[in-house]
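S.K.: One structure coming up, written as C-alpha cells, with questions to follow.
What follows is calculated from the coordinates using simple rules that are stated; it is not laboratory data. Because the structure is predicted, anything quoted here is derived from the model rather than measured. FYI the Cβ positions are ideal-geometry reconstructions off the backbone, even for glycines, and counts take in every protein chain you see.
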Amino acid sequence: MLGVTDLRAAYGRIPILDGISMSVAEGELVGILGHNGMGKTTLLKTLMGYLRATAGEILLDGDDITALEPHQRVRRGIGYVPQGREIFPGLTVRDNLRMGFAATSLNDDQVIEPILADFPRLKPLLDRPGGSLSGGEQQILAIARCLCGRPRLVLLDEPTEGIQPSVIDEIAELLQGLRDQHRLTVILVEQNLDFIRALSERVLIIQRGAITREVAAEHLADSEMIAEFVGITE
Amino acid sequence: MEQVAIYAYQIGVSFSIFILISLGLAVIFGMMRVINLAQGEFLMLGAYACVLATQAGLSLWLSMFVAAAVVGLFGIVVERVIIRFLYGRIVDTLLATWGLSLFLVGGITTLFGPQSESVVNPLGNVTVGDIALSQYSLAMIAIAIALLIGTYCLWRFTRFGLIVRGTMQNPDMARGLGVNTDRVFMLTFGFGAALTGFAGAVLVPITGAAPPMGVFFIAKAFITVISGGHLPLIGTVSASAIFGAIDGFVAFVSSSVVGEMSVLFVAIILLRLLPMGITGHLRRGL
C-alpha cells in the first residue's frame, strides 16, 4: 500500500531523514520505535507532506505522492493523528469530529453515529469545547476525528505521550478493536515499548534518520536486544 | 415618549454604523489576524462601486450587492498578490497594506477627482410626534442587523463556516484533515472584503463617497474589534452596542465630535480594565 524509497528530509540545512526505505502492506500495523531526536516525527511529517522530501520517493497504491500537499494526501486516503493531538480548543467535540470529514462529501448522519459507536466515551462530551478535555480524552478524540475522514492508512504519532497509564491501556484496546474490525492500515510511532508490542505486527527501529533493523513484535520481549539497538530499557 | 424614541433612534443609528464599519474587519483582523490598514479604503471602494452602479441605472439596493461583489473580488486579488505571502508577518503586513491604502486613495483621486460623489437617498422621512426620522437610517439599522445575523449563521451553521473556524484556530491540523487552507484563507479574506464593500455602499447615502473617507472609519473599526476581544462576532457586537450607545447619546446631547471623543475615552478605560477585550474570558463562541 505504502512504499518509501530512500526518503530524505531536512530542517533547513540540518538533515534529519537519511535515506528511509520501508513498505507497509494493506491491513498491517507497523510500529516505528526510536529515541527522541531519531527522526520518528519527522518521518511522519514527511509522509504527510508538511515537510518536503529533499530526495527519495513516496508511493501510495503505486502512485507517486512525494510532491503533493498535505490536504491532497489526506484526500487520497491518509489520516494523521499528530503528536500533541492538536485538538481545536475552541470547537466543541462534535465540531472537532466534523472537521475530520469537512473536506469530504460525507454528512453528519453517515459519520457521527458510527464513530460514537466505536468511541462511546465521547458521547457525553459532544457539546464540550475540545480544549476542556483531559489529555487522554483529547487523544481519543484525535483518533476518532482522524477516522471520521475514513482514511485507509493512519499515521499515529506517539499516542501515549503524557497520558496516564490507565488511559494508555484503554487506547491500546480501542486501537486493537479498530484494527480487527475495520482492517485499518496503521503506522504507529512510539517510545512506549509495551504499547507498541501489544499492537504492532512488526517493528522498525529508527536510528539517526534511517531504519536500522526490523523486528517481529514478539521479539521485542528480548530486552537486551532492545537495549542494544534502541537504548530503551524496560 | 418622544424623547425615548429619539434616543433609541440615535443609538440605533450609531450602533449600526459601528457594526457596518467593523464587521469586515472582525473577519479580516478578528478571525484571520491580518492587520489590514487598507480596510478603510475597501469601504471607500464599496462606496464608489455603489455610486457607479447607481449612475449606470441600478437601484441603490442592487448597487449594494454589486459593491459587495466588486470589493470581494478585489479582496481576493489582494490576498493572492500581497497578503498570502505575509501571514504571521505583522510589520510587513502593516507596511504593505498601508502602501495599498495610499495607492487606492491616490488611484481613486486620479480617476474620479477629489470631490465627493453622492447618490440620492431613495427614502423619505417618518415623523414621530414633531420630529422627522430618516427612513433610510432605519433601513440601515435593519441592514446592519441582517448582515450580522447572516454572518453569524454562515459561521455557525454551515460547513464552510466550520472549516473557516477550524482553519483559523489551527491551519496545520486543518490541512492534516484534508482542508485546502490556502483556498480557505483566500475566500475568508474575500468575504471580509465583501462585507466591507457592502458596508461602504450602505453608508453612501449618508456620507457620500470621497477618496479620503476611509480615514474617518478605520480607527473606529479597529477600536471596536480590539475592544471586542478574541471572539470576533460577539465581541464586535458588544463593543458596537457600548460604543454606539455612548456615541448616539453624547452626540445627541452635545455634538458628534464630543461623541467620538467619549467613545475613545471609554475604549481606553475599557481596555485598561479588560486588557483581553470584552470577550477575553469567554472560552468559546464566535
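S.K.: For B:Tyr152, B:Tyr9, which order do you get if you count the other beta carbons within 10 Å of each Cβ and list the fewest first?
M.R.: Neighbour counts put them in this order, fewest first: B:Tyr152, B:Tyr9.
S.K.: Something else now. Tally the DSSP beta bridges in the protein assembly as shown and give the antiparallel ones as a percent, rounded to 5.
M.R.: Taking every DSSP beta bridge with both residues in the protein assembly as shown, the antiparallel ones total about 60 percent.
S.K.: Which one, A:Leu155, A:Gln110, A:Gln181, projects farthest toward the positive side of the charge dipole computed for region A:65-182 from Cβ point charges (K/R +1, D/E -1)?
M.R.: Most positive-ward Cα: A:Gln110.
S.K.: Okay, moving on. Straight distance only, please: which aspartates and glutamates reach the Cα of A:Lys45 with their own Cα at less than 18 Å, same-chain residues fewer than 8 apart left out?
M.R.: The qualifying aspartates and glutamates are A:Asp6, A:Asp18, A:Glu57, A:Asp64, A:Glu69, A:Glu86, A:Asp157, A:Glu158, A:Glu161, A:Glu190, B:Asp172.
S.K.: Something else now. Might you report the magnitude of the Cβ-based charge dipole of chain A about its Cα centre, with Lys and Arg at +1 and Asp and Glu at -1, to the nearest 20 debye?
M.R.: Roughly 800 debye for chain A.
S.K.: Cut-off under 21 Å on the C-alpha distance; same-chain residues fewer than 8 positions from A:Lys123 excluded. Which lysines are left, in chain and number order?
M.R.: Cross-link targets: none qualify.
S.K.: What number, rounded to the nearest 500 deg cm²/dmol, is the helix-based mean residue ellipticity at 222 nm of the protein assembly as shown, given -39500 (n - 2.57) per DSSP H run of at least four residues and division by all its residues?
M.R.: -18000 deg cm²/dmol
S.K.: Counting only C-alpha contacts under 8 Å and six or more residues apart, can you give the relative contact order of chain A as a whole percent?
M.R.: 28 percent
S.K.: For region A:20-134, I need the span (max minus min coordinate) of the C-alpha atoms along each principal axis, in Å, sorted largest to smallest.
M.R.: Principal-axis extents of the Cα atoms in region A:20-134, largest first: 45, 33, 25 Å.
S.K.: What percent do you get for the relative contact order of region A:84-151 when only Cα pairs under 8 Å and 6+ apart count?
M.R.: Dividing the mean separation by the residue count of region A:84-151 yields 55 percent.
S.K.: Show me the helices of chain B, taken as full DSSP H stretches, that run 18 Å or more along their long axis by Cα and average -0.5 or above in Kyte-Doolittle hydropathy.
M.R.: B:2-25, B:39-55, B:60-81, B:90-112, B:135-157, B:181-207, B:213-228, B:232-253, B:256-273
S.K.: Among B:Val250, B:Phe85, B:Ser101, whose Cα lies farthest out toward the positive end of the dipole of chain B, if unit charges sit on the beta carbon of Lys, Arg (+1) and Asp, Glu (-1)?
M.R.: B:Phe85
S.K.: Among A:Gly84, B:Ile6, A:Leu141, whose Cα lies farthest out toward the positive end of the dipole of the protein assembly as shown, if unit charges sit on the beta carbon of Lys, Arg (+1) and Asp, Glu (-1)?
M.R.: Of the candidates, B:Ile6 comes out farthest on the positive side.
S.K.: Limiting things to C-alpha atoms, what are the Rg and the maximum Cα-Cα separation (Dmax) for region B:166-286, in angstroms?
M.R.: 17.3, 56
S.K.: Can you give the charge dipole size of region A:84-151 about its Cα centre, rounded to the nearest 20 debye, using +1 on the beta carbon of Lys and Arg and -1 on the beta carbon of Asp and Glu?
M.R.: Approximately 140 debye in magnitude.
S.K.: Moving to a separate point now. Within 10 Å of each candidate Cβ there may be at most 13 other Cβ atoms; applying that plus a DSSP loop requirement, which trypsin sites (Lys or Arg not before Pro) in region A:130-217 survive?
M.R.: A:Arg183
S.K.: Label A:Thr104 and B:Met276 with points 7 Å out from Cα along Cα→Cβ: what is the distance between them in nm?
M.R.: 3.6 nm
S.K.: Can you tell me the relative contact order of chain B? Whole percent, Cα pairs under 8 Å, sequence separation 6 or more.
M.R.: Contact order relative to length: 36 percent.
S.K.: Report, in whole Å, the centroid distance computed from the Cα atoms of region A:1-74 and region A:127-165.
M.R.: After rounding, the separation between the Cα centres reads 21 Å.
S.K.: What list of ³J(HN,Hα) values in whole Hz, one per residue of region A:87-100 in order, does the Karplus curve 6.51 cos²θ - 1.76 cosθ + 1.60 (θ = phi - 60°) give from phi, with Gly and Pro shown as x?
M.R.: Once rounded to whole Hz, the list reads 5, 6, x, x, 9, 5, 4, 4, 5, 4, 4, 4, 4, x.
S.K.: What does the C-alpha gyration tensor say about the overall shape of region B:1-120? Classify as rounded when a/c is under 1.5, otherwise prolate if a/b is larger than b/c, or oblate.
M.R.: Oblate, because a/c is 1.5 or more while a/b does not exceed b/c.
S.K.: Something else now. At a Förster distance of 25 Å, what's the computed FRET efficiency of A:Gln181 paired with A:Lys123, Cβ-Cβ distance as r, to 0.05?
M.R.: So, using R0 = 25 Å, E works out to roughly 0.85.
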